[in-house]
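Report on the structure given below.
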């Protein structure tokens, strides 16, 4: 005797008829009955096509109640939670705490960074200027040494 067991025991369903569970069988019978009733009542007044169009929005939620499940919840629970999330949620409002202080701190940091950058640029300019002066002084000294050497050679020569 061979007994087949699902590998995932949590998803096991006991079938009552045609592979359907009792819940699925009841809701499928309700959906078929209500759909047939609507079609038979409206067939003579609006025709077969339009009576089917009227029946589908009524039959679909009934069938979904039996077959649909999401995270262990049935269709009714999922639908009610969805509607609550749409219509009963309150708007999220931002209430700042310390916003002005935070902005003033950020501005103070930015100003300090600007001052530091300006100070650094001034120091860099001063350093470059001093280097240029040193180079110029060295050039002047070399020129004066050359002149004195020439004068000394001219006098000696």
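The values are calculated or read from the model by the stated rules, or taken from the named source; none is laboratory data. The structure displayed is predicted, hence computed values, not measured ones. Here the Cβ positions follow ideal geometry from the backbone for every residue, glycine too, while neighbour counts run over all protein chains shown.
The rows are residues; the columns are (1) over 28 Å from the mean Cα position of the chain (by Cα); (2) loosely packed, with under 13 Cβ neighbours inside 10 Å.
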position: 44; (1), (2): yes, yes
position: 68; (1), (2): yes, no
position: 80; (1), (2): no, yes
position: 86; (1), (2): no, yes
position: 92; (1), (2): no, yes
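Yes/no matrix, rows are residues, columns are (1) within 20 Å of residue 26 (Cβ to Cβ); (2) part of a helix (DSSP H, G or I); (3) in contact with a helix residue (DSSP H, G or I) (Cβ under 6 Å, 6 or more places away or on another chain):
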{"residue": "40", "(1), (2), (3)": "no, yes, no"}
{"residue": "49", "(1), (2), (3)": "no, yes, no"}
{"residue": "62", "(1), (2), (3)": "yes, yes, yes"}
{"residue": "78", "(1), (2), (3)": "yes, yes, no"}
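For residue 104, state whether it is at pLDDT below 90, under 55 Å from the mean Cα position of the chain (by Cα) and in a helix (DSSP H, G or I). Yes.
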